[in-house]
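Where a number appears in this text, it was derived from the coordinates with a stated rule and is not lab data. Predicted model, so just to flag it, every value in this text is computed and none were measured. Glycine also receives a Cβ, built like all others from the backbone with ideal geometry; neighbour counts cover every protein chain displayed.
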Amino acid sequence: MRETSEPHPVVEAEHFVVEESGRCDGDNQLWLQCWRDQHTDFHQSEVNPLLSRFWPSLKLAHGSRVFVPLCGKSLDMIWLAQQGHEVLGIELSPVAVEDFFRENGLHPAKTQLGEFTLWNDGRLSILCGDYFALSRSDIGHFDTVYDRAALTALPENIRSHYVAQLQRLVSDTAMVFLLTVEDAAENATMTQANGVDEEIKALYLAGFEIDLTYVESVFEPDPESPGLPPRRAEYKVYRLTSNSGKT
Ligand SMILES: C[S@@+](CC[C@H](N)C(=O)[O-])C[C@H]1O[C@@H](n2cnc3c(N)ncnc32)[C@H](O)[C@@H]1O
């Protein structure tokens with residue numbers, strides 16, 4: 001899977017320390033700096049089209065809660081709230097959280113909850129703090145997760161900790177709606193390129209049923225080598241359903 005290209009082209013995996021508690025501490029300062037310097041190329045100025053196209057097929061109940069890890073100031077949260085969901089994001093940077101509410105003309109109330117600050121306006125809430133420090137009692141019950149550029153914002157050796165933490169946080173039957181961008185390997189067949197990514201299998205197969213809902217191949221310039229011919233990328237929509245509650 002393509003790594004989201006902030007805070008620097010590649011987050012140095014060695015920066016991360018995984019404590020015995022499972023808590024990861026590493027690149028937080030870089031992310032915070034990134035937001036202060038407005039180096040936020042990952043931010044999308046419009047709602048993700050794959051979200052608005054495929055989310056309705058989930059047929060979730062009006063008012064159901066959606067958890068958005070590593071949410072940034074994503075406009076996708078606005079769209080989810082417009083669909084009637086109660087949305088809770090978690091985001092490290094207070095700059096991102098403040099921008100989100102201000103840029104969308106919202107007037108949040110702020111509440112200190114231990115090491116987190118909860119910002120809330122109507123159906124939209126963001127907990128400002130470290131995802132890896134969250135516990136289930138901080139967020140309450142969630143059956144649905146929206147992940148765009150959250151798993152992939154983290155370096156590869158931290159992603160299994162991200163998934164383990166997600167499993168601790170959400171219900172045993174939760175569903176994760178996951179969007180990825182995958183660069184086709186040079187020698188990959190079409191079947192391989194259009195299938196479930198090997199890393200997704202390694203991360204999720206033990207605890208989740210994996211449904212690859214949609215694949216779109218796009219030829220686009222390589223931002224790191226603009227002189228080279230366009231490269232092919234697969235934009236994928238996954239639906240991952242936790243089966244850890246099943247015997
Ligand atoms: C690549 S951005 C994606 C943001 C959002 N999902 C989107 O689609 O625009 C990753 C976000 O994760 C946040 N982040 C990184 N590590 C975090 C952590 N440990 N806890 C909470 N947020 C974190 C960063 O500040 C950044 O806003």
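Taken about its Cα centre, region 13-242 carries a charge dipole of about 820 debye when Lys and Arg each add +1 at the Cβ and Asp and Glu each add -1 at the Cβ.
Count Lys and Arg as plus one, Asp and Glu as minus one, and take only other residues whose Cβ is under 12 Å from that of ALA202; the net charge is then -2. Summed over qualifying helices (DSSP H, 4 residues or more, each -39500 (n - 2.57)) and divided by its residue number, the chain shows a 222 nm mean residue ellipticity of -6500 deg cm²/dmol. Tell me the GluC sites (Glu not before Pro) within region 46-136 that lie in a loop according to DSSP and have at most 14 other beta-carbon atoms within 10 Å. Filter output for region 46-136: GLU46, GLU115.
Here the gap between LEU106 and HIS141, fully extended at 0.36 nm per residue and compared with their Cα-Cα distance, gives a gain of 10.1 nm.
Full extension of the segment from VAL47 to SER217, taken as 0.36 nm per residue of separation minus the current Cα-Cα distance, would add 59.2 nm. In order along region 196-207, phi translates into HN-Hα couplings of 6, 4, 4, 5, 4, 4, 4, 7, 10, 4, 5, x Hz, rounded to whole numbers, per the Karplus curve 6.51 cos²θ - 1.76 cosθ + 1.60 with θ = phi - 60° and x for Gly and Pro.
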